[in-house]
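Okay, so here's the structure we're looking at.
The values are calculated or read from the model by the stated rules, or taken from the named source; none is laboratory data. Keep in mind that what you see is a predicted model, and the values were worked out from it rather than measured. Only protein heavy atoms, including side chains, enter the accessible area calculation; ligands, DNA and RNA are left aside. Shrake-Rupley method; radii C 1.70, N 1.55, O 1.52, S 1.80 Å.
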Amino acid sequence: MKKFIFLAVGYETPTQEIMDSWMKWFGEIQEHIVDIGNPFSPGKEITASGVKELPHDKAAITGYTIINAESMDEAVKIAKTCPIITGMRVYEAMSM
């Protein structure tokens with residue numbers, strides 16, 4: 001079993017409908033969940049040239065979830081079922 005990180009992209013003010021959709025989705029994929037994750041507040045990007053505020057908008061990374069899946073294809077299939085605001089980024093967490 002491999003580990004995958006889901007990064008949710010896109011912020012809009014959460015409604016009860018949005019929250020209910022996410023909780024339903026977490027219930028549907030519970031056998032895959034390693035870490036249900038957390039939503040993110042607005043962030044900062046630190047580079048060699050300084051620090052910049054990141055907007056909390058449709059392009060923002062707004063939370064994470066860690067799951068187990070057999071392959072990237074299976075992880076993508078699971079990610080496609082989530083209540084996407086803008087998108088979901090999927091990365092395999094490589095073993096060290």
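The spread of Cα positions in region 3-60, taken along each principal axis and listed from longest to shortest, comes to 43, 30, 13 Å.
Of the listed residues MET19, MET94, the order by accessible area with a 1.4 Å probe, largest first, is MET94, MET19. Would you kindly find the accessible area of ILE78, with a 1.4 Å probe and non-protein molecules such as ligands, DNA and RNA excluded, rounding to the nearest 10 Å²? About 20 Å², ignoring ligands and nucleic acids. Less than 5 angstrom separates the built amide H of TYR64 from those of ALA8, ASN38, all sequence-distant by 5 or more or on a different chain. With protein chains left intact and a 1.4 Å probe, residues in region 40-86 average 65 Å² of accessible area per residue.
Rounded if a/c is under 1.5, else prolate if a/b beats b/c, else oblate: with a ≥ b ≥ c from the C-alpha gyration tensor eigenvalues square-rooted, which is region 23-96? Judged from the Cα gyration tensor, region 23-96 comes out prolate (a/c at least 1.5, a/b above b/c). Straight-line reach from LYS3: taking Cα to Cα under 15 Å and skipping same-chain neighbours fewer than 8 places apart, the aspartates and glutamates in range are GLU31, ASP35, GLU70, ASP73, GLU74, GLU92.
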